[in-house]
Structures are given as C-alpha cells and as structure tokens.
Amino acid sequence: MALDLDAASNIAGVLTEALPYIQRFTGKTIVVKYGGSAMTDETLKNSFARDIVLMKLVGMHPIVVHGGGPQIGSLLDKLGIKTDFVDGMRVTDSATMDVVEMVLGGLVNKSIVSLLNKNGGKAIGLTGKDGDFIRARKLKMSRQTPEMQEPEIIDIGHVGEVESINPEVIEMITQSNFIPVIAPIGTGDDGASYNINADLVAGKLAQLLQAEKLVLLTNIAGVQDKAGKVLTGLSTREVDDLIANGTIHGGMLPKIRCALDAVNSGVKSAQIIDGRVPHAVLLEIFTNKGIGTQISNRLETTT
C-alpha cells in the first residue's frame, strides 16, 4: 500500500503540536465535568472516553465528575413522580432522591465506567457517600419580592452544597492508576443523601487537589461577546468586567462563577468547552488554539 505523504504529514503535525502539552501536563491533575450532549450522543460518548483514556496513558491524572439531569427526569416521568423546579433547581423530596441516587450513582455512573473500560482504560465509579468522600450541607434558598418585608425561605429538599471533600479517597484511586468517575451525591451530618450540582463538585475538587485544569463541558461554544464571538484567553478580571456589563448573564453565570472560584483558589486555568464537538477535551488540551473559553489569572493566547 503506497504511503500517503499528505496524510502522514498531517499526523506528524498533530503529534508535534501535542508533544509540548503532553510534556507539560504529565503528572498533572485535570478535573473534567462531563455533561450535556457529550453524555447522550453515542459518537460523542465514545470520543470522550478515548480522550480520557489517552490522557491517562500519557501520564496525566484525569478525574471525571458527571451530571445526569435528563436521565433523572426521564426516570421520574416513567415512575409518575412529579418534579418542580425553583430557580432552575430540582425540588428533591425523599422519593425523588431515591431516583437521583439510582440514576446518578448507578445507571449513569456505571455506564461511564464501562465506556472508559471498553476503550482501554481502568475506571472506578464512586459517589460522595463512598468512604465519606463528599460531606454536604443542605442548600438554603430564599426569595424576596417587593411586597415582602423579609425573604421567603424555600425548602427544596435533598439538594446540597459541598461542605468538605476527603482527598484520601481520590488520591488512593489515582495513585493506583485508575480513573475516578464521580457522581455528585454527598452525605450530610444527619446521614441523609444530598444531590449536588456537578459543576460545583468538579470545581471544589479541582480546588482541593490544586488541579492544573478544570474543564467544563457544555452545549455552547464557550463564553461569547455581545456579537456572538467566542472569547478565550480571559483573565479573571476580564471575566468580572464581562459579568458587570451584562455580557455574561443568565444560565452561564453559575458555570462562570464555578470557574472563577476554582482559578482564584489556585487552579491554573478553567476551560468552558463545547461538548458537542468530537474529541473536545483533546482539542482543548493538546492544541495551540483550543476550542472554547479559557480563564486564568494571567492573559494567554494559547491553551
């Protein structure tokens, strides 16, 4: 079979471009929040799995934190359990929490583990309840309207926020050459289970481990200016300005604040990338331009 010199040259170019990043990130921890279309499209699922396995094979320490909102909603519908939302947060009573644990800690978590193993990795799934890994506290929400003298306290049930994370559990897994796959369920002081936003868990974990990168997969191309152009190489100060002038608003704010908190707490950089792009994680980490928005405490033009 004749050698296709153009194809060979392209492959050599890709490897040459990736080499400095492989050298730079060998031995480094990279926390990846996995969600959106990347979790539901079969082609994207397999490309994500290969990305994570390759990262591990070249000496990085990827840690996957996943969501599962659509899968939870689907099973609740099948079981006839009604769901209400308050400011985008699912009201989670005991029956709903049972479904959340079943879906996040069982169905979704184990399917990701199997996917990584099928693609040549060695993955282990866990929830925050394993080894008392994630301690949670009940999330308190309030709402106030002009006619109220004091804010109304809203009880949304078993929805929590991270109180603390035990690093021993994750360090044991990564040092044993396994890939951790984490479902964002924590345990409160009362022994109850709490559903926690996966972005928040990923961000807190990245902070605790002083990760090299926090990568958040989304269903958008990245942070965009008012003209719709994707912005990258942003400093934390620039992001604060974009929030202040209303460029960043609405549903993007919680994800951006998660990224800002991580970078301001010692994580080298945070990436918000388009999970609808095949091999999005590798393209962001191993190429000069990347494919999303990078936030750091210094101005950069490359990943």
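Things to note:
- Residues that are more than 10 Å from the chain's Cα centre (by Cα) and open to solvent by 40 Å² or more (accessible area, probe 1.4 Å) were ranked within the range 184-206; the one that is nearest to Glu284 (Cα to Cα) is Lys204.
- The range 226-253: number of residues that are part of a loop (DSSP other than H, G, I, E, B), at pLDDT 85 or above, open to solvent by 40 Å² or more (accessible area, probe 1.4 Å) and not polar (S, T, N, Q): 1
- Residue identified as open to solvent by less than 50 Å² (accessible area, probe 1.4 Å) and part of a helix (DSSP H, G or I) among Ile52, Ile81: Ile52
- In a residue-by-residue description of the range 68-75, the property of being more than 23 Å from Gly125 (Cβ to Cβ), among the polar types (S, T, N, Q) and either open to solvent by 60 Å² or more (accessible area, probe 1.4 Å) or in a helix (DSSP H, G or I) (or both) applies to no position.
- Considered as a group, the residues in the range 254-273 that are touching a helix residue (DSSP H, G or I) at 6+ places or on another chain (Cβ under 6 Å) and under 26 Å from Thr40 (Cβ atoms) include one that is most open to solvent (accessible area, probe 1.4 Å), and that residue is Lys255.
- Yes/no for Leu205 being modelled with pLDDT of 95 or more and of a type outside the set (Asp, Glu): yes
- Cβ-Cβ under 6 Å pairs, at least 6 apart or on other chains, the range 33-54 side farther than 18 Å from Ala18 by Cβ, far side in a loop (DSSP other than H, G, I, E, B): Gly35/Gly67; Gly36/Asn219; Gly36/Gly275; Ser37/Asn219; Ser37/Gly275; Ser37/Arg276; Ala38/Gly275; Ala49/Asn119
- Of the residues making up the range 167-183, not a single one is closer than 25 Å to Asp41 by Cβ, surrounded by fewer than 21 Cβ atoms within 10 Å (Cβ to Cβ) and more than 20 Å from the chain's Cα centre (by Cα).
- Among the residues of the range 288-298, the ones that are buried (at least 20 other Cβ atoms within 10 Å of the Cβ) and more than 21 Å from Thr16 (Cβ to Cβ) come to 4 in all.
- Residue selection: Thr127 fails the criterion of being modelled with pLDDT under 90 and either touching a helix residue (DSSP H, G or I) at 6+ places or on another chain (Cβ under 8 Å) or among the aromatic types (Phe, Trp, Tyr) (or both).
- Of all residues in the range 274-287 being β-branched (Val, Ile, Thr) and either open to solvent by 30 Å² or more (accessible area, probe 1.4 Å) or without any contact (Cβ under 8 Å) to a residue 40 or more places away in the chain (or both), the one that is farthest from Pro20 (Cα to Cα): Val277
- Scope the range 28-43; condition closer than 20 Å to Asn288 by Cα and either among the charged types (D, E, K, R) or loosely packed, with under 12 Cβ neighbours inside 10 Å (or both); matching residues: Lys28
- Matching residues in the range 194-225 - criterion: being in a strand (DSSP E or B) and within 30 Å of Val99 (Cβ to Cβ): Tyr194, Asn195, Ile196, Leu214, Val215, Leu216, Leu217, Thr218
- The set of residues in the range 97-118 being among the hydroxyl-bearing types (Ser, Thr, Tyr) and either touching a strand residue (DSSP E or B) at 6+ places or on another chain (Cβ under 6 Å) or crowded, with 21+ Cβ neighbours inside 10 Å (or both) is empty.
- Residues satisfying the stated conditions in the range 84-96, i.e. on the phi < 0 side of the Ramachandran plot and open to solvent by 60 Å² or more (accessible area, probe 1.4 Å): Asp84, Phe85, Asp93, Ser94
The values are calculated or read from the model by the stated rules, or taken from the named source; none is laboratory data. Given the structure is predicted, the values throughout are model-derived calculations rather than measurements. Methodologically, a virtual Cβ is constructed for each residue, glycine included, from the backbone with ideal geometry; neighbour enumeration extends over all protein chains shown. SASA here: full protein model, heavy atoms, side chains in, ligands and nucleic acids out. Shrake-Rupley method; radii C 1.70, N 1.55, O 1.52, S 1.80 Å.
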